[in-house]
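Heads up, the thing below is written out as structure tokens.
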Amino acid sequence: MAEQAVIEEPEIVTITSYDEARMAYRQKDLRQALYDAGEVIMEDVLVNLHAEEHRARRRVENRLYRRETFFHYERSLFPPIIEETVDPYIAEGKAELVSLGHQLMMNLAAYTAGVDRPEGTPEETFRLYDYLGSFIEGATLAHYTGDKAAKEAEVSAALDKFGDEFLKPGIERRREALAKLAAGEITEDDLPKDVLTVLLRNEEELGISYEAIRREVSFYLLAGAHTSATAFTRVSHNILGWLADHPEDTDLVRTDRLFVQRATHETIRLQPSSPTAMRWALSDIDLTPGIQIPKGGKVVIDLISVNRDAAVFGDDAADFNPRREVPEGVPPYGLSFGSGMHACIGQDMAAGLVFRDGADLEDHLFGLVPGAVQYLFDHGAVADPDDPPEMDASTSRPYFGRYPVLFPKG
Ligand code: HEM
């Protein structure tokens, strides 16, 4: 009799408490598991590397993602991009936040990833937007319900085209700049401050191929744009809801920039852009006296539960409260940016730093999402009473599909 192949299902350990999640994130023998089916984009990108390979890549990319770069982005690079993207809608008196958020965050993420747009036309932006859509599909193939092989081939073709159209000319421009730097014709400050430049500068140290650079830049584009765009709409929604219930705070939203930043942190805690983290156990792990993970087992960190852990965030942990006080050492956004080796490299850029009492507001980093939301409220954004928001029906995840707002004149 032919032997029946037995496919063993991995043991799944789900983590729902804040302290256990922190411990899991710190375990060196837990390896990334979230992108197993998304290799076409994610095969060897930072978030999918482990141990020494991850350390080497992160060390190089950390050279870019430093405080000075974030200040440069927040104070010099981002404000004109926010104005350019949002002002036409303000002039029109209305906007739809889901598409505006994606447009805006992609424009910002393109700069930080190193994707140049020499034409600067809306058509060029739309083409890039289409590529971004493909990359998101590629990274999340695990959730795709149609023909996976066909979708993978489509994403792979999009990567090739993106490489030829956007990346190769950008690589050439950066190689020329690096040659000029070597010849002493320009200084460090004249180099673009983006991931592509950092990778090319450290190409030999990393032993990285063109295809791997292409995946990494595409991953940065989607890691920066999609997460921040969903946060942008949700923060705006939560603030509008808060103001409806607390009209006394209406002025605060324009006069106190920390209020918008706190509302952002509170939103990201309650509605993490990536609601689960997943890891494979490379060895038997005793996480706590009560939690053993066998080698080959899978750990699922349920961030919605973790970030609403009443023992840490209080009995009203499930409510939105921008004035929430959290215990010393606990970030107000919970573990929504991860922790440990894969902790989000763009966290300070996206959400700024947590303001400490007595610190100087002049030296404070507010973050890209609070900055963009602030811009809406500075220009009087209100919900459109005749066109209520709708959820995105094409996914089981709680994304808004449409979010109309008005900018009343005068
Ligand atoms: C609201 C905005 C954002 C949220 C909620 C977020 C969330 C996260 C989370 C949860 C992780 C860890 C994944 C894991 O442990 O498996 C992560 C990693 C990462 N994020 Fe973000 N992110 C945001 C914005 C950004 C931005 C703007 C960038 C652009 C630079 C970025 C780049 C990355 C990268 C490169 C990693 C991988 C780090 C590593 O593996 O060492 N993220 N992010």
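The values are calculated or read from the model by the stated rules, or taken from the named source; none is laboratory data. For clarity, every value in this text was computed on a predicted model and none was experimentally measured. Virtual Cβ from ideal backbone geometry, glycine too; neighbours counted across all protein chains shown.
Here are a few things to note about the model shown:
Residues are listed down the side, and each one gets a yes or a no for (1) of a type in the set (S, T, Y); (2) modelled with pLDDT of 95 or more; (3) within 20 Å of the chain's Cα centre (by Cα):
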site: Q347; (1), (2), (3): no, yes, yes
site: A350; (1), (2), (3): no, yes, yes
site: D360; (1), (2), (3): no, no, no
site: D363; (1), (2), (3): no, no, no
site: F366; (1), (2), (3): no, yes, yes
site: V373; (1), (2), (3): no, yes, yes
site: H379; (1), (2), (3): no, yes, no
site: V382; (1), (2), (3): no, yes, no
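- Of all residues in the range 373-384, at least one satisfies being within 16 Å of the ligand (Cβ to nearest atom) and either within 21 Å of T69 (Cα to Cα) or outside the structural domain of A56 (by TED's automatic domain parsing) (or both).
- Of all the residues in the range 321-354, those that are touching a Cys at 6+ places or on another chain (Cβ under 9 Å) and assigned to a loop (DSSP other than H, G, I, E, B) number 3.
- Among the residues of the range 156-197, those identified as closer than 19 Å to E43 by Cβ and aliphatic (A, V, I, L, M) are A157, A158, L159, L167, V195, L196.
- Residue within the range 49-64 that is within 15 Å of the ligand (Cβ to nearest atom), at pLDDT below 95 and either closer than 21 Å to V198 by Cα or part of a helix (DSSP H, G or I) (or both) present: yes
- Flag if A229 is more than 12 Å from the ligand (Cβ to nearest atom) and part of a helix (DSSP H, G or I): no
- D190 vs. criteria of a type in the set (D, E), modelled with pLDDT of 95 or more and crowded, with 19+ Cβ neighbours inside 10 Å: no
- Just one of the listed residues (H54, H102) is in contact (Cβ under 8 Å) with a residue 60 or more places away in the chain and over 21 Å from H237 (Cα atoms), and it is H54.
- The one condition from (1) modelled with pLDDT of 95 or more; (2) farther than 24 Å from N307 by Cβ; (3) surrounded by fewer than 20 Cβ atoms within 10 Å (Cβ to Cβ); (4) not β-branched (V, I, T) that M23 does not meet is (2).
- Set side by side, the residues P331, P327 differ, and just one is surrounded by fewer than 19 Cβ atoms within 10 Å (Cβ to Cβ), out of contact with any Lys or Arg (no Cβ under 7 Å at 6 or more places or on another chain), under 30 Å from I81 (Cβ atoms) and in contact (Cβ under 8 Å) with a residue 12 or more places away in the chain, which is P331.
- Applying a threshold of 7 Å to beta carbon distances and a minimum spacing of six or more residues, or different chains, the list of pairs starting in the range 147-158 at a residue that is within 12 Å of D130 (Cα to Cα) and ending at one that is surrounded by 12 or more Cβ atoms within 10 Å (Cβ to Cβ) and β-branched (V, I, T) reads V155/V40; V155/I41.
- All of A310, A281, A317 fail the test of being aliphatic (A, V, I, L, M) and more than 24 Å from W242 (Cα to Cα), apart from A281.
- Exactly one residue among T140, T145 is surrounded by fewer than 17 Cβ atoms within 10 Å (Cβ to Cβ), assigned by TED's automatic domain parsing to the domain that holds P88, of a type in the set (V, I, T) and farther than 30 Å from E84 by Cα, and that residue is T145.
- Unique match (being surrounded by 14 or more Cβ atoms within 10 Å (Cβ to Cβ) and more than 25 Å from the chain's Cα centre (by Cα)) among R234, R173, R269: R173
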